[in-house]
Number of protein chains: 2
Amino acid sequence: MQQIFLYDTTLRDGTQGEDISFSAEDKLKIARRLDSFGITYIEGGWPGSNPKDMEFFERARAIKFKHAKVAAFGSTRRAKNPVEKDENIRALLDAQTPVVTIFGKTWLLHVKQALQISPEENLALIADSVGYLKKHEKEVIYDAEHFFDGFKQDQEYALKTLKAAAEGGAEILVLCDTNGGTLPWQVGEIVREVKKNISVPLGIHTHNDSDTAVASALTAVREGCIQVQGTINGYGERCGNANLCSIIPDLQLKMGYKCVSDEQLAHLASVSHYVSELANVKHQKNLPFVGESAFAHKGGVHVSAVMKTALTYEHIVPESVGGARRVLISDLSGRSNIIFKAKELGVELNDKSPAVQKIVNEIKEMEHYGYSYEDAEGSFELMVKRHTGEMKHFFDLERFKVSIQKDSLEKEARSEALIKIRVGNETEITAAEGDGPVNALDLALRKALEKFYPELKQIHLTDYKVRVLDTQSATAAKVRVLIETKNGNKSWNTVGVSPDVVEASWKALVDSISYHLLKHRVKSSH
Amino acid sequence: MQQIFLYDTTLRDGTQGEDISFSAEDKLKIARRLDSFGITYIEGGWPGSNPKDMEFFERARAIKFKHAKVAAFGSTRRAKNPVEKDENIRALLDAQTPVVTIFGKTWLLHVKQALQISPEENLALIADSVGYLKKHEKEVIYDAEHFFDGFKQDQEYALKTLKAAAEGGAEILVLCDTNGGTLPWQVGEIVREVKKNISVPLGIHTHNDSDTAVASALTAVREGCIQVQGTINGYGERCGNANLCSIIPDLQLKMGYKCVSDEQLAHLASVSHYVSELANVKHQKNLPFVGESAFAHKGGVHVSAVMKTALTYEHIVPESVGGARRVLISDLSGRSNIIFKAKELGVELNDKSPAVQKIVNEIKEMEHYGYSYEDAEGSFELMVKRHTGEMKHFFDLERFKVSIQKDSLEKEARSEALIKIRVGNETEITAAEGDGPVNALDLALRKALEKFYPELKQIHLTDYKVRVLDTQSATAAKVRVLIETKNGNKSWNTVGVSPDVVEASWKALVDSISYHLLKHRVKSSH
């Protein structure tokens, strides 16, 4: 099977997307994840364009990647600068990456109007920018910006720019459909023409403005491109870049190319979710292969056929990309979902267990109020155990009082929480300060409980999310808080909903702590 | 120019999408809108499958459509029923539409496993179902379900099913990629093969499971299909149907076919928004052609080029599909983004204005802290006006104190805010209760200020969003709050960031109010 090399630009081109931004820390996390997923090239950013990207490259040097090579991205030198004095080229070297990707102009419209230089000067600066980086022993990838538009305007000149980059020593020439306006068969014809004239390996970089970015990338591979550039979830400027989460399974499951191992491919959905989570944008349900709806069946006819033979309404095996079949809620599927889920938690229920209907009813009621148990399996488990009589009671709240004060003399607001709890016949009252009201309440609650339950010292909150439901009610809207807690390697998620963000957090905190105590006490009593 | 006939199934296949549902009233509204937009066929539903669809057909009969024909959808008769006694066929006639679309099985896998009849019986029921509807003077469209999968398994049989429908008298035979697993060039080859054997006009119906539904539909048109089935915004089961909002401009602006008039095409974006509004789902920003981001530019290099020549980074003229160019503000912005934006706000800046660099610097600093101005143009405008000396000062905070209390006796937490502000030499102290701390603070602040600024009574908070930045710091993480405020038809967005959700909300509230006061006072002083 022919290998296709994946070039991920989520961390650079992806951040051009509206609402997409990553901290340097996020970028490092994503890079590690892309590495273990089997991506060959990870484009980290444009050094020199902003301090965040520089920080990424500095810290990335300390990471030992298993497979991936980090690439720094930038433009060819400016026309007025000798290459060794060009700041942008300097920043690319300062990033100290094994790979440097530079883009140059193909389209005479841009050469004349944006750069305002002659066609020959443009060729010269492509060749010597690439050559200079090669002298510094970089693997150089040349991105031919607007290649397809340029080719349509002046085929001969477009090829000359590629030849200039090839003469400079570029390892791969990437044909970019920067404006996303080229249709797949046009991409195919142009790649075929380029192949006749150029012997250096080719890559493809497409955008989704015509809603055909994936098809164009696949077509280019059929015509001989060996590198595909894209982003996770198709994030990117305007309508986004070609979506690697679609391209990889199309190439590997349908077209017989090799991108990653089968085992890595089974992590596709989780990589997709991970990146959307760090980008802090909602994961799009209808994304091909990786979306929550990708293998969801709603129509009754479809569901019953799928139960007989999955192939009837599923184009691939969902598990091959880390997905799973879903049957959307009807009363009956509700019961079987619960039985299936409870089994995962080690609780044996069957269709006749009276608890099942009670759980289905409680879930419907709670979800109607605003709860969601999809990402809160900790809270779901507590609910199941309450209905099966396996839950224990650990403490009661007498009261809490949280206050946030700000005055003209202080720079930041100050938050404090006072709490009184009861465990059996004993009570404890205490207080804490925190970074914001929720943090103060969290600290005060633990302080009060640790006297009774010293094992709470083992656990740490590691994630905290807030989602405003029904945003139209503005500041009076309900909010849903999701908390992730860790004990060593084990983590669990809990949820709380209220019009009051502090109270919603309180509910999720109580579940988080009860979950740990339940697990810990059950274990110790054996 | 060759005419392509558009067949919209938003009201039927679109509603199979997760989270998509329409009332009969919604369906009628959408049908009217699709008619004036220039759609030829509007598939209204599956009569007999639910009462809502029957209501739609009844009420649709009273509407005089300018151009569109309403189609009722259903399956061929059941094997055990004579056609004139089949309930489904009966319901199709009862719908009293000029057009009936019926689907039949192509794929032997389905014939054997789902229908459990012989291949010959299947051919017979296709032919007589179509024939019976023709006898009742319907225009009959035949949807060949799973056509491509069936063709791959048994080419000869797949063609026989089409011939059966043709013999029955079907006007158009539609090739359906029901599972969405077929790639565009496979679609192209198969359509070409069908054209050699079948003389009845062909249509195409694709799904987006391989992320290539649009490309497949376009390819089929190139191979001679004259009808395209799809949905507005690509709504539909799993990953959705082929998106007509992409197909129409691709065909018409890039491929030289005629779908609707140019004037109608300029309503594409508004049709897309209208349908998402009635479906009550968020309009996806990155949708090609019609998304809010489709012509949005973020990177400084792009913005400065677009301002010289739009063609450099725009594949079509945004206005041709009812879109508009947007420039986003972020830490990737350069001076040209700021100048462009300021101009939109009525502030003339040029590259030499000293304020420009100060604004760029402040944005970078604030975004590093966690701010984002992309969706907070109100806060951005205030920042610009501070730097150009056009900002006014309306009030100072002396102090606020917000408290949240919960005790064992009360069901819900109670939030109160006390606030003291100063306006000139006067101070005002007041308090309010609210649904949660932010709501309480919002109410108290307005109460205190309305004494000085009665015009604040005109404005209302209409949206409130919270995003936890760096979720890993758990409850001590910074949060970003975005607020939308309305005054009549005009709305503006403001932002605040702090580790304390109440303080972050406070900052966004202060900007929201200052924005209104600034606009109002400037207007009144003229």
Does any residue of the range B:112-128 turn out to be assigned by TED's automatic domain parsing to the domain that holds B:ARG59, over 21 Å from B:LEU202 (Cα atoms) and among the acidic types (Asp, Glu)?
yes
Mind listing whichever residues of the range B:322-363 are open to solvent by 30 Å² or more (accessible area, probe 1.4 Å) and more than 26 Å from A:GLY236 (Cβ to Cβ)?
B:LYS343, B:LEU345, B:GLY346, B:GLU348, B:ASN350, B:ASP351, B:LYS352, B:PRO354, B:GLN357, B:LYS358, B:ASN361, B:GLU362
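For (1) under 34 Å from the mean Cα position of the chain (by Cα); (2) open to solvent by 40 Å² or more (accessible area, probe 1.4 Å); (3) over 30 Å from A:PRO184 (Cβ atoms), each residue gets a yes or a no:
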{"residue": "B:ASN122", "(1), (2), (3)": "no, no, yes"}
{"residue": "B:TYR142", "(1), (2), (3)": "yes, no, no"}
{"residue": "B:HIS146", "(1), (2), (3)": "yes, no, no"}
{"residue": "B:LEU159", "(1), (2), (3)": "no, no, no"}
{"residue": "B:ALA166", "(1), (2), (3)": "no, no, yes"}
{"residue": "B:VAL174", "(1), (2), (3)": "yes, no, no"}
{"residue": "B:ASP177", "(1), (2), (3)": "yes, no, no"}
{"residue": "B:GLY181", "(1), (2), (3)": "yes, no, no"}
{"residue": "B:PRO184", "(1), (2), (3)": "yes, no, no"}
Filter the range A:90-113 down to residues that are more than 14 Å from every other protein chain (Cβ to nearest Cβ) and part of a loop (DSSP other than H, G, I, E, B) and give me whichever is surrounded by the most Cβ atoms within 10 Å (Cβ to Cβ).
A:ALA95
Please work out which one of (1) within 30 Å of B:GLY224 (Cβ to Cβ); (2) within 11 Å of another protein chain (Cβ to nearest Cβ) is the condition B:GLU263 fails and give its number.
(2)
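So is B:SER216 in the same structural domain as B:GLU156 (by TED's automatic domain parsing), in contact with a Phe, Trp or Tyr (Cβ under 7 Å, 6 or more places away or on another chain) and not in a loop (DSSP other than H, G, I, E, B) or not? Break it down into steps so the answer makes sense when it comes.
Working: in the same structural domain as B:GLU156 (by TED's automatic domain parsing): yes; in contact with a Phe, Trp or Tyr (Cβ under 7 Å, 6 or more places away or on another chain): no; not in a loop (DSSP other than H, G, I, E, B): yes.
So B:SER216 fails the test.
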When (1) more than 7 Å from every other protein chain (Cβ to nearest Cβ); (2) more than 17 Å from A:ASP500 (Cβ to Cβ) are applied to A:GLU398, the one that fails is (1)
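Considering each residue of the range A:428-453, count those that are of a type in the set (Val, Ile, Thr) and more than 8 Å from chain B (Cβ to nearest Cβ), and give that number. Before the answer, list the steps.
Quick first cut of the range A:428-453, residues of a type in the set (Val, Ile, Thr) only: A:429-430, A:438.
Adding the requirement that they be more than 8 Å from chain B (Cβ to nearest Cβ) leaves A:429-430.
Residues flagged as of a type in the set (Val, Ile, Thr) and more than 8 Å from chain B (Cβ to nearest Cβ) within the range A:428-453 amount to 2.
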Among (1) in contact with a Leu (Cβ under 8 Å, 6 or more places away or on another chain); (2) assigned to a loop (DSSP other than H, G, I, E, B); (3) at pLDDT below 85, where does A:ILE338 come up short?
(2)
Pair list, Cβ < 9 Å and 6+ apart or interchain, from the range B:261-278 residues that are of a type in the set (Phe, Trp, Tyr) to residues that are open to solvent by 40 Å² or more (accessible area, probe 1.4 Å)
B:TYR274/B:LYS29; B:TYR274/B:ARG33
Matching entry among B:ILE429, B:ILE513 (being closer than 23 Å to B:GLU344 by Cα and not acidic (Asp, Glu)):
B:ILE513
Looking only at the range A:454-462, decide whether some residue is free of Cβ contacts under 8 Å to residues at least 12 places away in the same chain, facing another protein chain (nearest Cβ under 9 Å), open to solvent by 10 Å² or more (accessible area, probe 1.4 Å) and among the hydroxyl-bearing types (Ser, Thr, Tyr).
no
Restricting the range B:198-227 to residues that are more than 13 Å from chain A (Cβ to nearest Cβ) and among the β-branched types (Val, Ile, Thr), which is surrounded by the most Cβ atoms within 10 Å (Cβ to Cβ)?
B:ILE204
Within the range A:124-140, can you find the residues that are crowded, with 17+ Cβ neighbours inside 10 Å, not in a helix (DSSP H, G or I) and not aliphatic (A, V, I, L, M)?
A:LYS138, A:GLU139
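Out of everything in the range B:168-187 that is more than 21 Å from A:ILE316 (Cα to Cα) and either in contact with a helix residue (DSSP H, G or I) (Cβ under 9 Å, 6 or more places away or on another chain) or not aliphatic (A, V, I, L, M) (or both), what residue ends up being nearest to the other protein chains (Cβ to nearest Cβ)? Outline the logic, then answer.
Let us first name the residues in the range B:168-187 that are more than 21 Å from A:ILE316 (Cα to Cα), namely B:168-174.
Narrowing the set further to residues that are either in contact with a helix residue (DSSP H, G or I) (Cβ under 9 Å, 6 or more places away or on another chain) or not aliphatic (A, V, I, L, M) (or both) leaves B:168-171, B:173-174.
Numbers: B:GLY168: 22, B:GLY169: 26, B:ALA170: 22, B:GLU171: 25, B:LEU173: 22, B:VAL174: 18 Å.
Only one residue tops the list, namely B:VAL174.
I'd like to know if the range A:411-423 contains one or more residues that are assigned to a loop (DSSP other than H, G, I, E, B), open to solvent by 80 Å² or more (accessible area, probe 1.4 Å) and modelled with pLDDT under 90.
Just the residues of the range A:411-423 that are assigned to a loop (DSSP other than H, G, I, E, B), to begin with: A:411-413.
If we keep only those that are open to solvent by 80 Å² or more (accessible area, probe 1.4 Å) as well, we get A:411-412.
Retained after the next criterion (residues that are modelled with pLDDT under 90): A:411-412.
For the range A:411-423, residues assigned to a loop (DSSP other than H, G, I, E, B), open to solvent by 80 Å² or more (accessible area, probe 1.4 Å) and modelled with pLDDT under 90: present.
The values are calculated or read from the model by the stated rules, or taken from the named source; none is laboratory data. Keep in mind that what you see is a predicted model, and the values were worked out from it rather than measured. Please note: Cβ atoms are built from the backbone with ideal geometry, for glycine as well, and neighbour counts cover all protein chains shown. The accessibility values were calculated without ligands, DNA or RNA, using every heavy atom of the protein model including side chains. Shrake-Rupley method; radii C 1.70, N 1.55, O 1.52, S 1.80 Å.
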